[in-house]
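Below: the structure, in structure tokens.
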Amino acid sequence: MALNGQPRVELAASDREVVIEVEELTKTFGPVPVLNGIDLKIRRSEVVCIIGPSGSGKSTLLRCLAFLDPYTGGRVSIEGQLLGYKQQGERRLMQGHRELAKVRRNVGMVFQHFNLWPHMTALENVALALRVTRKLKADQAEREAREALSKVGLGDKAGNYPSQLSGGQQQRVAIARALAMKPHVILFDEPTSALDPELVGEVLGVMRQLAVEGMTMAIVTHEMGFAAQMADTVVFMDRGVILEQGSPDEIFKNPRNDRLKQFLDTWRTRSF
Amino acid sequence: MTVIDTISQFLPLLLSGAWATLYVTSLATVLALGLGLVLELLNGSSLAPVRWMVRTYVEIMRGTPVLIVLFMLYYGGPSIGLVVDPVPAGILGLGIYGAAYFAEIFRAGFQSIPRGQIEAGEMLGLSRTSIVLRIKIPQMLRLIIPALFGQIVMMFKESALLSIITVSELTKVATQIVNETSSIIEPYIAVTVIYWVIIEAVARCGLFLERRFSHGA
């Protein structure tokens, strides 16, 4: 299956086109501030891993990039289009369902709990949006859905219902479902956190393959090994702000921020 | 006179009563399911007055004995120029009454669909209508089958009240036989057996559907 990304490394990272731009993003849940001014650029074919302690706001940030949680201040743009709001004079109004769907048409999302539809087979899960959103004919949708399932190594599980699949297989179906829409960027919200340890590898394997093929990805994860190996940029968050961002080497080998050093120490001690 | 004698002697009458019970309750159930679903979909409206009207309807219907609803339609109808025959009045009364209960069951069903399944649909660009038709309703139906069939069984039992507005269903037929034969227990046991057969059949349909749609439970 052809992916939309170009081969990596051709351009210097900073010259590539920005896919998602986040400026001065803030988010409050009622009176509680969760994000306190986030600036972030995600460029074409870049793999950005977002790490940080629980409650640091990293999942909320990712959900704001999809407008699943509406942000309260600042802006998020997807390929130049403002996400979630429309400017009307001085006032900012929330986009309707259709306008929002249009802006995030090229954004895929993979959830911690897979969120497959249990009343549909793996194939139907993948094919539904191909028919309904991409308006493909049934046979074409089925063909593309089968290709996407093969790509994640589940070509033989097309007829299984989610309840008949392991967690790792369900998450791979969820990746296939996002991938079949030919997104320009995929957001992963702790994609392996709900999995038994022995199933984590198969999901990371699929994500690694996507990264190599040039998919633009933003990943909230606790898998430091994966971040160190596959990320172009690692972002460390705590208490709703980005404390440090840089290459994996900078973040893992030469952390400057004290909170990051402490976070990495805790993680190293724990992994023994 | 034994129960067997009663059944054999009044078989045609009992069967016509059974048919009336089945016919009236089935139509009332179809009406109640349709109206209940419409009510619940309106309850998801973004317009507050619409939601408020749905809540009021449901609360009033749930707080009123079904017999009162039937009396108002059948005996009260003529005073506002609305003359209804017993059978349509019964179907309508039982239907609008059951709708409130079905709406509540649908609401519970919709609420138990994990939010993430809807978010997944939104992220894949599905319209609101597609999400309702392809994700919410099929999922909701699967989750509520036990409660739904419990309520359908209740509809069959409530239909006995239709005898009071002179619909010739099972209970009315039993009373008729009581008047003709002056034996009391046997006719009522006879119709109880028939009610039981109908209700057991409905409950088994429910169990079958529950198993059929059990993936991912």
Original post:
Can you name the number of the only condition in (1) within 18 Å of residue B:144 (Cα to Cα); (2) surrounded by 12 or more Cβ atoms within 10 Å (Cβ to Cβ) that residue B:195 fails?
Top reply: (1)
Original post:
Across region B:118-146, what is the total count of residues that are within 7 Å of chain A (Cβ to nearest Cβ) and under 14 Å from residue A:120 (Cα atoms)?
Top reply: 6
Original post:
Could you say whether any residue in region B:143-150 is in a helix (DSSP H, G or I), modelled with pLDDT under 90 and either among the aliphatic types (A, V, I, L, M) or out of contact with any helix residue (DSSP H, G or I) (no Cβ under 6 Å at 6 or more places or on another chain) (or both)?
Top reply: yes
Original post:
Across region A:184-233, what is the total count of residues that are of a type in the set (A, V, I, L, M) and free of Cβ contacts under 8 Å to residues at least 24 places away in the same chain?
Top reply: 1
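Out of B:94, B:42, B:67, B:73, I need the residue that is touching a helix residue (DSSP H, G or I) at 6+ places or on another chain (Cβ under 7 Å), away from chain A (no Cβ under 14 Å), part of a helix (DSSP H, G or I) and modelled with pLDDT under 90. Which one? It would help to see each step written out before you state the result.
Working: B:94 fails: modelled with pLDDT under 90; B:42 fails: modelled with pLDDT under 90; B:67 fails: modelled with pLDDT under 90.
From the options B:94, B:42, B:67, B:73, the qualifying one is B:73.
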Original post:
Of the residues in region A:115-157, how many are in contact with a helix residue (DSSP H, G or I) (Cβ under 7 Å, 6 or more places away or on another chain) and among the hydroxyl-bearing types (Ser, Thr, Tyr)?
Top reply: 0
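Taking region A:118-148 only, how many residues are facing chain B (nearest Cβ under 7 Å) and of a type in the set (Gly, Ala, Ser)? Step through it out loud before you land on a result.
Going through region A:118-148, the residues facing chain B (nearest Cβ under 7 Å) turn out to be A:118-119, A:128-129, A:132-133.
Those still in the list that are of a type in the set (Gly, Ala, Ser) too: A:129.
Summing the residues that are facing chain B (nearest Cβ under 7 Å) and of a type in the set (Gly, Ala, Ser) in region A:118-148 gives 1.
Just wondering, is there one or more residues in region A:132-141 that are of a type in the set (S, T, N, Q), within 23 Å of the chain's Cα centre (by Cα) and part of a loop (DSSP other than H, G, I, E, B)?
First, pick out the residues of region A:132-141 that are of a type in the set (S, T, N, Q): A:133, A:140.
From the residues that got through so far, the ones that are within 23 Å of the chain's Cα centre (by Cα) too are A:133.
Retained after the next criterion (residues that are part of a loop (DSSP other than H, G, I, E, B)): A:133.
So far as region A:132-141 goes, yes, one or more of its residues are of a type in the set (S, T, N, Q), within 23 Å of the chain's Cα centre (by Cα) and part of a loop (DSSP other than H, G, I, E, B).
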Original post:
How about region A:184-220: which of its residues are within 14 Å of another protein chain (Cβ to nearest Cβ), surrounded by 23 or more Cβ atoms within 10 Å (Cβ to Cβ) and in a loop (DSSP other than H, G, I, E, B)?
Top reply: A:191
Original post:
Restricting attention to region A:9-54, and to residues there that are touching a residue at least 24 places away in the same chain (Cβ under 8 Å) and assigned to a loop (DSSP other than H, G, I, E, B), which single residue is surrounded by the fewest Cβ atoms within 10 Å (Cβ to Cβ)?
Top reply: A:17
Subject >> Residue count for region A:90-117, restricted to those that are more than 9 Å from chain B (Cβ to nearest Cβ) and part of a loop (DSSP other than H, G, I, E, B) >> reply: 4
Original post:
Just one of the numbered conditions (1) at pLDDT below 95; (2) touching a helix residue (DSSP H, G or I) at 6+ places or on another chain (Cβ under 7 Å); (3) crowded, with 20+ Cβ neighbours inside 10 Å is not true of residue A:103; which one?
Top reply: (2)
Subject >> Leading residue by the ranking (farthest from the other protein chains (Cβ to nearest Cβ)) among those in region A:173-183 that are in contact with a helix residue (DSSP H, G or I) (Cβ under 8 Å, 6 or more places away or on another chain) and either over 14 Å from residue A:117 (Cα atoms) or outside any helix (DSSP H, G or I) (or both) >> reply: A:179
Subject >> Hits in region B:76-91 (condition: exposed (fewer than 13 other Cβ atoms within 10 Å of the Cβ), in a helix (DSSP H, G or I) and not aliphatic (A, V, I, L, M)) >> reply: B:78, B:79
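For residue B:170, indicate whether it is out of contact with any strand residue (DSSP E or B) (no Cβ under 8 Å at 6 or more places or on another chain), surrounded by fewer than 23 Cβ atoms within 10 Å (Cβ to Cβ), in contact (Cβ under 8 Å) with a residue 12 or more places away in the chain and not β-branched (Val, Ile, Thr). Can you show your working first?
Details: out of contact with any strand residue (DSSP E or B) (no Cβ under 8 Å at 6 or more places or on another chain): yes; surrounded by fewer than 23 Cβ atoms within 10 Å (Cβ to Cβ): no; in contact (Cβ under 8 Å) with a residue 12 or more places away in the chain: yes; not β-branched (Val, Ile, Thr): yes.
Taking the combined requirement at face value, the residue does not satisfy it.
The values are calculated or read from the model by the stated rules, or taken from the named source; none is laboratory data. Because the structure is a prediction, the values reported are computed rather than measured. Note that we place each Cβ from the backbone using ideal geometry, even for glycine, and neighbour counts take in every protein chain shown.
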